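Submitted below is the structure of interest, expressed as structure tokens.
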Amino acid sequence: MPQDANAIRSILSLAPVVPVIILDDVSQARPLAEALVAGGLPILEVTLRTPNALKVMEEMAKVSGAIVGSGTVRNAGHMKSSVEAGCRFMVSPGASPRLLDAAEDVAIPLLPGIGTPTEAMAAAERGYSFLKFFPAEALGGAPVLKAFASPLSDITFCPTGGIDAAKAPTYLSLPNVICVGGSWIMPNDALASGDFARIEALAKEASALRG
Ligand code: 3PG
């Protein structure tokens, strides 16, 4: 189906920040998801960038309150395995025609990525009104999305890429931003040492970023 705007809106409006997770250690999946949910961030994007990513998704999907999606979705095979792993949404760094064709056959919503007005317009022509803006900081950050707001007023964005706790509020103050994505909530050293209390504290701070 084309993007189900109500479905993706209702997911992305649940928290101001979507943790973008790159995790291979399946034993950390549940405690990490529990810490993020306890900190007020229930929407979890698990990227397909590690050998065990699908197992990580399956474990995280068992955590009460967690809404798990797959990230770095680049083809139909990724979509099929994401659905089988229990994902509720999918995120892609791009919006290639073949990717959008493949999404037509998948019941869970896709948030495709764009970086320019032409790409946003092409995705909108295919029925997408919620898009990821990626890589946000490298492309010029919040001023670019601010400039998109008037001419592309029917499109809402989730920027990701290079965003942290200091930069997030500026994005979240824009009328065309529903949430931001990022990995700053899970610092590598906290994950390495299993310091889930610190991750929960960072999630709490992030979940309070918008009202
Ligand atoms: C990504 O796809 O890696 C996300 O955009 C996260 O980016 P970050 O690690 O810069 O927050």
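Please report, in cubic angstrom per residue, the volume enclosed by the convex hull of the alpha-carbon atoms of the stretch 79-181.
So the per-residue Cα hull volume is 99 Å³.
Lys/Arg Cβ at +1, Asp/Glu Cβ at -1, dipole of the stretch 5-207 taken about the Cα centre: which of A7, F134, T72 is farthest positive-ward?
So the residue we want is A7.
Across the stretch 77-94, in residue order, what do the Karplus-derived ³J(HN,Hα) couplings come to in whole Hz, using 6.51 cos²θ - 1.76 cosθ + 1.60 with θ = phi - 60° and x for Gly and Pro?
3J(HN,Hα) across the stretch 77-94, in whole Hz: x, 4, 5, 4, 5, 5, 5, 5, 7, x, 6, 9, 7, 9, 10, 10, x, x.
Using Stokes-Einstein with the Kirkwood hydrodynamic radius over Cα pairs, what translational diffusion coefficient do you get for the chain at 10 °C and a viscosity of 1.306 mPa s, in µm²/s rounded to a whole number?
Using the Kirkwood radius from Cα pairs, D works out to 94 µm²/s.
Kirkwood Rh over alpha-carbon pairs of the stretch 21-136, then Stokes-Einstein at 37 °C and 0.692 mPa s: what D in µm² s⁻¹, rounded to an integer?
Answer, rounded: 228 µm²/s.
When the Cα centres of the stretch 116-166 and the stretch 62-110 are compared, how far apart do they sit, in Å?
19 Å
Next question, about the same structure. Relative contact order (percent) for the chain, with alpha-carbon contacts under 8 angstrom and 6 or more residues of separation?
Computed value for the chain: 24 percent relative contact order.
Using the Cα centre as the reference, give the magnitude of the dipole from point charges on the C-beta atoms of the chain (Lys, Arg: +1; Asp, Glu: -1; all else neutral), rounded to the nearest 20 debye.
Computed charge dipole of the chain: roughly 220 debye.
7 Å from Cα along Cα→Cβ at both D189 and V83: what's the point-to-point distance in nm?
Rounded to a tenth, the inter-label distance reads 4.4 nm.
Through the Karplus equation 6.51 cos²θ - 1.76 cosθ + 1.60, θ set to phi - 60°, convert the phi angles of the stretch 27-32 into ³J(HN,Hα) values in whole Hz; use x for Gly and Pro.
5, 8, 4, 5, x, 5
Would you compute, from DSSP H runs of 4+ residues alone, the mean residue ellipticity of the chain at 222 nm, taking -39500 (n - 2.57) per run and dividing by the full residue count, rounded to the nearest 500?
Details: 10 runs with 82 residues, N = 211.
Here the helix-only value at 222 nm equals -10500 deg cm²/dmol.
What FRET efficiency would be calculated for the residue pair D105, S64, taking the C-beta separation as r and a Förster radius of 35 Å, to the nearest 0.05?
Between D105 and S64 the formula returns 0.70.
Since every read-out is calculated from the coordinates, none of them should be taken as a lab result. On a predicted model such as this, the values are computed, not experimentally measured, just so you know. Glycine also receives a Cβ, built like all others from the backbone with ideal geometry; neighbour counts cover every protein chain displayed.
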